[in-house]
Amino acid sequence: MAPTDRTKIARQFIEAIPFSKALNMSLEEIGEGRAVISMPYNEALVGDPRSGVIHGGAVSALMDTCGGAAVMSHPDGPIATATIDLRIDYMRAAAPGQTIRTEAGCYHVTRSVAFVRATAWDEDTDRPVAAATGAFTFQRANGGGKP
Amino acid sequence: MKTPEPVQVIKTRRDALLGKLTSAVPYIGFLGIEFDRRGDELTAVLPYKPALVGNPALQALHGGATASFLEVTSVVELTWATLWADLEAGRVDPEGDVLPRIPKTIDFTVDYLRSGLPRDAYARARINRSGRRYASVHVEAWQDNRSRLFAQATGHFLMPAPTDSE
């Protein structure tokens with residue numbers, strides 16, 4: 001498959017996900033095992049009514065979606081993937097009112113697993129709000145393993 | 001000797017406090033999560049809705065919806081444990097207008113065991129350790145069979161200061 005076709009298919013796939021749409025996620029960049037997705041601030045996603053900070057679960061959903069998008073855009077990768085595990089470290093509260101943006105990349109792929117790292121920022125791009133590492137299912141598009 | 005309070009009065013008071021906690025958090029309402037209470041034990045219920053889907057071909061729940069459900073269940077369990085102790089000790093008025101103090105998530109690790117089906121999901125959290133400052137919680141989620149978990153998670157949380165520090 002040509003890289004541009006793969007990127008197009010992955011983009012269509014990500015943009016059709018109902019839960020990601022419900023959270024207003026938008027795919028900003030995708031290709032070669034890397035993706036960037038943003039999620040605007042929304043009062044419906046608040047987890048702490050005292051501070052107005054977005055619930056960690058919504059940030060998890062953003063990082064999970066972005067990790068999956070990175071896997072789907074990998075040149076050897078599958079057009080569908082599933083999360084095996086995902087760990088998120090919440091480094092600080094995202095500022096209320098600000099968009100959260102996540103970048104995810106596959107840092108290693110085997111014949112059946114993609115290992116992904118992701119980072120999330122609000123408008124202060126010097127201080128990440130969260131970092132994640134995950135494993136995703138990875139079935140090679142050509143159906144075979146490494147020669 | 002004081003006569004025990006009627007059971008309905010106690011239940012109403014406990015349910016009012018739980019309702020106050022869960023309705024204060026917008027994201028719980030956004031996902032549609034409800035809580036069943038039996039004594040102090042909570043079971044979180046995530047009624048299925050199409051907006052929770054992550055894979056339209058399989059109608060499978062989104063991993064992020066599952067992670068959110070597990071994290072909400074953990075945070076509510078931790079907050080409820082503190083509120084319950086305060087309620088039983090008469091330190092909190094369930095009719096009062098007080099926003100609950102929510103623990104902050106430090107880290108959260110989700111283990112996806114099988115894909116979430118387009119059905120209602122249930123979860124229960126267990127507090128394995130709750131100190132003055134830090135807590136460790138394990139949470140399990142299932143759908144049709146209690147013994148066939150579809151996801152589980154462990155999280156660490158920073159507990160709010162016990163007294164008013166505002």
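Computed quantities for the displayed model
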read-out	value
Listing of strands (runs of 3 or more DSSP E) fully contained in region A:56-147 that carry 2 or more residues being loosely packed, with under 14 Cβ neighbours inside 10 Å	A:100-109
Near pairs, Cβ below 9 angstrom, 6+ apart or cross-chain, from region A:84-98 (within 7 Å of chain B (Cβ to nearest Cβ)) to any residue that is among the basic types (Lys, Arg)	A:TYR90/B:LYS104
Of residues in region A:53-65 being of a type outside the set (Val, Ile, Thr) and more than 22 Å from A:ALA114 (Cα to Cα), the one farthest from the other protein chains (Cβ to nearest Cβ)	A:ALA58
Residue in region B:119-138 that is of a type outside the set (Gly, Ala, Ser), in contact (Cβ under 8 Å) with a residue 12 or more places away in the chain, crowded, with 17+ Cβ neighbours inside 10 Å and assigned to a loop (DSSP other than H, G, I, E, B) present	no
Single condition B:ASP107 does not satisfy, out of (1) under 19 Å from the mean Cα position of the chain (by Cα); (2) acidic (Asp, Glu); (3) more than 9 Å from every other protein chain (Cβ to nearest Cβ)	(3)
Matching residues, region B:109-118, being in a loop (DSSP other than H, G, I, E, B) and either in contact with a Lys or Arg (Cβ under 8 Å, 6 or more places away or on another chain) or basic (Lys, Arg) (or both)	B:ARG114
Residue that is surrounded by the most Cβ atoms within 10 Å (Cβ to Cβ), among those in region B:5-55 that are in a helix (DSSP H, G or I) and of a type in the set (Phe, Trp, Tyr)	B:TYR27
Unmet requirement for A:LYS8, which otherwise passes all of (1) in contact with a strand residue (DSSP E or B) (Cβ under 8 Å, 6 or more places away or on another chain); (2) in a helix (DSSP H, G or I)	(1)
Of the criteria (1) in contact with a Lys or Arg (Cβ under 8 Å, 6 or more places away or on another chain); (2) in a loop (DSSP other than H, G, I, E, B); (3) not aromatic (Phe, Trp, Tyr), which one A:SER51 fails	(1)
Region A:14-27: number of residues that are within 14 Å of another protein chain (Cβ to nearest Cβ) and either under 12 Å from the mean Cα position of the chain (by Cα) or surrounded by fewer than 20 Cβ atoms within 10 Å (Cβ to Cβ) (or both)	8
Count of region B:63-108 residues which are in a helix (DSSP H, G or I) and over 15 Å from A:ARG50 (Cβ atoms)	22
Which listed residue is among the β-branched types (Val, Ile, Thr) and either at pLDDT 95 or above or within 30 Å of A:ILE79 (Cα to Cα) (or both), from B:VAL9, B:VAL53	B:VAL53
Region A:28-52 - residue that is out of contact with any Gly (no Cβ under 7 Å at 6 or more places or on another chain) and buried (at least 21 other Cβ atoms within 10 Å of the Cβ) and, of those, farthest from the other protein chains (Cβ to nearest Cβ)	A:ILE30
Check on B:ALA153, surrounded by fewer than 16 Cβ atoms within 10 Å (Cβ to Cβ) and of a type in the set (A, V, I, L, M)	no
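The values are calculated or read from the model by the stated rules, or taken from the named source; none is laboratory data. Remember, predicted model here, so these are calculated numbers, not experimental data. Ideal geometry is used to build each Cβ from the backbone, glycine not excepted, and the neighbour counts take in all protein chains shown.
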